[in-house]
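Some notes on the structure that comes next.
The values are calculated or read from the model by the stated rules, or taken from the named source; none is laboratory data. All values reported here derive from a predicted model rather than from experimental measurement. No Cβ is skipped: glycine too gets one built from the backbone with ideal geometry, and neighbour counts run over all protein chains shown.
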Amino acid sequence: MKRPSCVMSSVHIVLRAIRVALYTAVAGTVALAIPATADDPEEVTATTDGKLELSETDYDFGYMQQRVQVSHRYWMKNVGGQEVRIEDVQPGCGCTRAPLQKKNIPAGDSSFVDLIFASGHFDGHVHKSARVICNVPGRAPELFFDAYPLKFPDTLGVYTVSPAELQLDELRADDDTAVWNQTISVKNVSSETLRFRFAQDPDISGVRVTLPRRGIAPGEVAAIRVALEGDIAEQILTKSFTIEASDSARTRFTVAVRKPLRWGPLPRADH
């Protein structure tokens, strides 16, 4: 997987080519120094510099459906002694948004940015980036992701996912007996038993996603269960979660999770 830094090396290019071929996720870390500006030159030491550390710089969404929105969160921590100011996070394409949690990061504190990708009519491999504009001299650090939108997701030759987009508004009950959960079907269309894990733990407030606990035999269908656990009535969400299979390519698929409406008060759970 490509691991960007202030200067890209040929080794990083080779790593990205390997990741694209094998769907291997590798986390990277970038540390950027901000020179101290104290009046006393003796205070300009390594311990007083501001440093922005990125938990990762490259994420692989894997396959997904066209015309959905998926997101991934990138954490940024100030591990130095001065405040870091994020002026902006600039995506390189109109298909990507980058809402930032906060711009000022005191020493020892963290912030995050969500890169939200609209798959639109893309068909096949997509590689996108966003530049982090901050008070750091030199080249701005970059965040990257890869995605593989499919016009027909059911043609993926390893497993299929249905639905490929989950609308949480459809989980809202209109009667007192409804259950606040939904299942997503995963069918193994390969010739080997598949096990699944999350590429990263889902970060969807108030929502619990549970994967099948056992392997799925060829031709078998299993369920991913999605349940509402918190009060998300007033939230508007554009989220996703990525699953990874145990095949040799570690094939990934990202399920979009959306909640575009505010509901008002939820029914009591004991109804």
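Restricting the search to strands (runs of 3 or more DSSP E) fully inside segment 69-166 and requiring at least 2 residues that are of a type outside the set (Ser, Thr, Tyr) and free of Cβ contacts under 8 Å to residues at least 40 places away in the same chain gives 69-78, 126-134.
Is one or more of the residues making up segment 20-27 modelled with pLDDT under 85, farther than 29 Å from Thr254 by Cβ and part of a loop (DSSP other than H, G, I, E, B)? There is no residue in segment 20-27 that is modelled with pLDDT under 85, farther than 29 Å from Thr254 by Cβ and part of a loop (DSSP other than H, G, I, E, B).
In this structure, Lys151 does not qualify as crowded, with 19+ Cβ neighbours inside 10 Å, of a type in the set (D, E, K, R) and at pLDDT below 95. Annotation: of all residues in segment 220-247 being assigned to a loop (DSSP other than H, G, I, E, B) and either free of Cβ contacts under 8 Å to residues at least 12 places away in the same chain or in contact with a Lys or Arg (Cβ under 8 Å, 6 or more places away or on another chain) (or both), the one that is surrounded by the most Cβ atoms within 10 Å (Cβ to Cβ) is Ile232.
Residues are listed down the side, and each one gets a yes or a no for (1) among the small types (Gly, Ala, Ser); (2) at pLDDT below 95; (3) not assigned by TED's automatic domain parsing to the domain that holds Ser240:
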position: Ser162; (1), (2), (3): yes, no, no
position: Asp169; (1), (2), (3): no, yes, no
position: Asn181; (1), (2), (3): no, yes, no
position: Val186; (1), (2), (3): no, no, no
position: Ser191; (1), (2), (3): yes, no, no
position: Phe196; (1), (2), (3): no, no, no
position: Ile204; (1), (2), (3): no, yes, no
position: Glu220; (1), (2), (3): no, no, no
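Being more than 30 Å from Ile232 (Cα to Cα) and within 16 Å of the chain's Cα centre (by Cα) holds for only one residue in Glu142, Glu165, and it is Glu142.
Filtering segment 215-262 to residues that are under 18 Å from the mean Cα position of the chain (by Cα) and basic (Lys, Arg) leaves Lys239, Arg250, Arg252, Arg258, Lys259. For segment 99-133, how many residues are surrounded by fewer than 18 Cβ atoms within 10 Å (Cβ to Cβ) and farther than 19 Å from Phe253 by Cα? Residues that pass the stated criteria total 14.
Annotation: of all residues in segment 67-80 being touching a Leu at 6+ places or on another chain (Cβ under 7 Å) and at pLDDT 95 or above, the one that is nearest to Val132 (Cα to Cα) is Tyr74. Checked against (1) under 28 Å from Ile243 (Cβ atoms); (2) surrounded by fewer than 16 Cβ atoms within 10 Å (Cβ to Cβ); (3) of a type outside the set (D, E, K, R), Gln90 passes all but a single condition, namely (1).
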